[in-house]
1. With all pairs of different alpha carbon atoms counted, what Kirkwood hydrodynamic radius in Å does segment 32-156 show?
2. Any chance you could tell me what percent of the C-alpha pair distances in the chain go past 22 Å?
3. Top mean-square fluctuation among 52, 169, 119, Gaussian network model of the chain, C-alpha springs under 10 Å?
4. Take 40, 196 and order them by how many other Cβ atoms sit within 10 Å, fewest up front.
5. Which residue fluctuates the most in the chain, going by a Gaussian network model with Cα springs under 10 Å, if the choices are 164, 236, 75?
6. List the lysines whose Cα sits under 29 Å from the Cα of residue 95, skipping any in the same chain fewer than 8 residues away.
7. Which angle between 0 and 90 degrees, to the nearest 10, do you get for helix 30-40 versus the longest principal axis of the chain when only C-alpha atoms count?
8. Taking segment 183-257, which GluC sites (Glu not before Pro) meet the DSSP loop condition and have no more than 15 other C-beta atoms within 10 Å?
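Every number here is computed from the coordinates shown, using simple stated rules; none is lab data. What you see is a predicted model; the values in this text were computed from it and never measured. Please note: Cβ atoms are built from the backbone with ideal geometry, for glycine as well, and neighbour counts cover all protein chains shown.
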Amino acid sequence: FDNIADYWKSHGYIFPRPKIVDAPGEAMADVEILNELGKKLGFEDSFWENYEESLDYILEPAGVTWEEFKDMEYLRNEPRFRKYETEGFKSESGKLDFYIQQNKDWGYDPLPSHQEPPESPAREPEFVEKYPLVLTTGTRVQEYFGSEHRQSPLLRKTHPDPLLSIHPETAAARSIEHGDWVFIESPRGKVKHKAKVTDAVDPRVVAAEFAWWYPERPAPDYGFRECNINFLTDDLNVGPESGSTNLKGLMCEVSKV
């Protein structure tokens, strides 16, 4: 697919990635899928006529179209520092707001405040007996970028398996040793990772890597149902303000395979 790429947002560079071959079958770019879905849901005015229009929209501040940009090497915006001194912040007041009036107008707390996760020892003590550990997901792995690069033999050699960080005391209480395969179970399912016994986590908490799959396993799911931690997360209890999914404060139990 045609695409606008960047050297990370902070570097100020963008460069064209024109498609080399046509997409197979009915495959579409992510933005094109969202664009067509938005129109089907009745929001035509909020989306673009086609995918190329969305690329033109992104490039509009630079004064070029996709047709022009795709033949360029790159575009770079000159860095500007302390923009807030002349332009303010991108808030209603132009200042750094701790009190958000818009939140209050929508019926939410206008100030930062702690809310106990929907699933926690404090809120649901009956969970503790069956699921005594707090599960945090999303542990980053140096070798991979999200779900990418698991198919690289070199990277898989250095980091071959999904790891669950677990405190030595917590592991010992469950007869788990470093390198053992373990089941992680929540009210929504069970997956399998290898134990990484470390005192870097609290004894009450386990931390799981995310986005795992096995390219060596058969299609179409490549073994992700066995190892992907998202099978344990909660899709129903989302944040009321933004609809964000709870990925960090979940209850689970860990057992040796």
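1. 21.3 Å is the Kirkwood radius here.
2. Details: 23343 of 32896 pairs.
Percentage above 22 Å: 71.
3. Largest GNM mean-square fluctuation: 52.
4. Working: 40 10, 196 20.
The order, fewest Cβ neighbours first, is 40, 196.
5. Sorting by GNM fluctuation, first place goes to 75.
6. 9, 83, 104
7. Value to nearest ten degrees: 80.
8. On the way: sites: 185, 209, 216, 226, 241, 253; in loops: 216, 241.
Filter output for segment 183-257: 216, 241.
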